[in-house]
Structure formats: structure tokens, C-alpha cells
1. For GLN25 and ARG61, calculate 0.36 nm times their separation in residues minus their Cα-Cα distance, and state this gained length in nm to one decimal.
2. Just subtract the alpha-carbon distance of GLN72 and GLN90 from 0.36 nm times their residue separation and send over the number in nm, one decimal.
3. Need one number: nm distance between label points at ARG51 and GLU109, each 7 Å from Cα along Cα→Cβ, rounded to one decimal.
4. Considering only DSSP beta bridges where both residues belong to the stretch 20-132, give the percentage that are antiparallel (nearest 5).
5. Using Cβ contacts closer than 10 Å as the measure, can you line up THR80, THR114 from fewest to most?
6. Across the Cα atoms of the stretch 20-132, what radius of gyration and what greatest pairwise Cα-Cα distance (Dmax) are found, in Å?
Amino acid sequence: MEGQRLTELFPGQVRMNRHMELQFQVECLQDVAVVNCSGRMVLGAALDEFRRRIEQLDRVRVLVLDLSEVEQVDAGGLGTLLLVRRWAIQKSAKMKLVNPPVFFRRMLEATHLTSVFEISSLKEAICILRSQERPRRFAIA
């Protein structure tokens, strides 16, 4: 009954559900890890699991976080990105934020974090990843 009253009082209110939580998928190819993120990057259990999963990655040279489908970010989300960045530095890995939505970029600008993170478009990230795939050629003397 109480839930019904809340709906009546706030008809436009969006109810929280598991579909809105942060969801992520990690794909590794050699020493490059791509993490596709979607949903809400906000303080909570899903964000903690995100950080723990990334910290379990082994022998990563490049960590790419695809943020194109993130719908919300809060201080907890930004703090977690900073923790993951620190982990990447400790592992001598490059971390890239790819395709953050406009609101996400504005949040990074407002908090002066654009100089801390390497941000690139999807097109730039694909070029970087393709250059990693090419076999190295050595001249024989």
C-alpha cells in the first residue's frame, strides 16, 4: 500500500531496479583489457564489484573503459575511477576512458579530472587497438 502511495505522490519518479545498476563486461585480448560499462556508475555493491574485477586482471598493458552507455555517475563512481587509475599506474598500464557521454565529460570538467584521465573517442581507441594488433616487423641485416 505504501509503495502505491509513493507512486501516486510521485508519478514521474523512476523506480530503482537491477537493470539500472552498473553492468560491465570485461574482454581481454593479449595485454589489452576492454571493459564495456552501462547503467549507473554510483556508490554501491555493483561499483565495488567493478573495481575488484578490474584489480584481478593480470598482465594488462592497456585498460580501456568504454563509458558510452553509462547513464549516471556520482562521487562514488569518480572515486572508483581514481582508484582504478591508481591500480593501473601501479601495474604500469595505460588507462583510457572511451566515449564518455556529454554529462560524464561535464562532470569530469567540473571536478577538474579531465587532466587526470586520458579520454578518447571510440574511433581513436579503435586506431590505438589496431596498432597494437599489427605484428612487429624487424629488418634483418
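The numbers here are math on the coordinates, done by the rules we state, and not lab data. Bear in mind that the values here come from a model prediction, so they are computed numbers and not experimental data. Virtual Cβ from ideal backbone geometry, glycine too; neighbours counted across all protein chains shown.
1. Full-extension gain reported as 11.2 nm.
2. Residue separation times 0.36 nm, minus the Cα-Cα distance, leaves 3.7 nm.
3. Roughly 2.8 nm, to one decimal.
4. Roughly 30 percent of the DSSP beta bridges within the stretch 20-132 come out antiparallel.
5. Exposure proxy ranking, most exposed first: THR114, THR80.
6. That works out to 12.9, 36 Å for Rg and Dmax.
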